[in-house]
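The values are calculated or read from the model by the stated rules, or taken from the named source; none is laboratory data. Please read these numbers as outputs of a predicted model, since none were measured by experiment. In this analysis, Cβ positions are derived from the backbone assuming ideal geometry, glycine residues included, and neighbour counts consider all displayed protein chains.
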Amino acid sequence: MKGEPAAVTANARTPGGRVVGAWDALRTVLDPELCLDIVSLGLVYRVAEEQDRLVVEMTLTTPGCPASESLPLMAEQALTLALGSGAAEVHLVWEPPWDPRMIGEAAAVASPQLRRR
């Protein structure tokens, strides 16, 4: 479609495809300290369509996380690139608190020291 970023895929324009596209985009966002994506780390709790926008609820490993300002911004930028400007909003939530057991199996195998935190 004219005016859309080049990264917008046909999948992102189909019903339900925006949610899938959002999850895919969020998998490209790496935690700068752990060098693992925020989905594999279990930091993304929810991606849902609400009216004409996607709403993403994510957390951080701790409230005092050094990436507390940059990580949500990086998530928004990835979503904008994949889905277009204003297509999604990111909300930082603290419930439930993040726990190392939320890390996906592949990330845990790649970085077993994270499970011991």
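Within segment 45-67, the set of residues being farther than 17 Å from A107 by Cβ and outside any loop (DSSP other than H, G, I, E, B) comprises R46, V47, A48, E49, E50, R53, L54, V55, V56, E57. When each of A78, A48, A106, A110 is tested for being among the aliphatic types (A, V, I, L, M) and surrounded by 19 or more Cβ atoms within 10 Å (Cβ to Cβ), the lone residue that passes is A78.
The lone criterion from (1) in a loop (DSSP other than H, G, I, E, B); (2) in contact with a strand residue (DSSP E or B) (Cβ under 8 Å, 6 or more places away or on another chain) left unmet by G42 is number (2).
Across segment 68-84, which residue is farthest from A25 (Cα to Cα) among those that are of a type in the set (S, T, N, Q) and in a helix (DSSP H, G or I)?
S70
Checking each residue in segment 8-33 for being in a loop (DSSP other than H, G, I, E, B), farther than 14 Å from A75 by Cα and modelled with pLDDT of 85 or more picks out only E33. When restricted to residues that are under 22 Å from D24 (Cα atoms), outside any helix (DSSP H, G or I) and either modelled with pLDDT of 90 or more or among the charged types (D, E, K, R) (or both), segment 85-102 contains 7. Close Cβ contacts (under 9 Å, 6 or more residues apart or on different chains) running from residues in segment 92-104 that are of a type in the set (A, V, I, L, M) to residues that are surrounded by 14 or more Cβ atoms within 10 Å (Cβ to Cβ) and assigned to a helix (DSSP H, G or I) comprise L92/L71; L92/P72; I103/L114.
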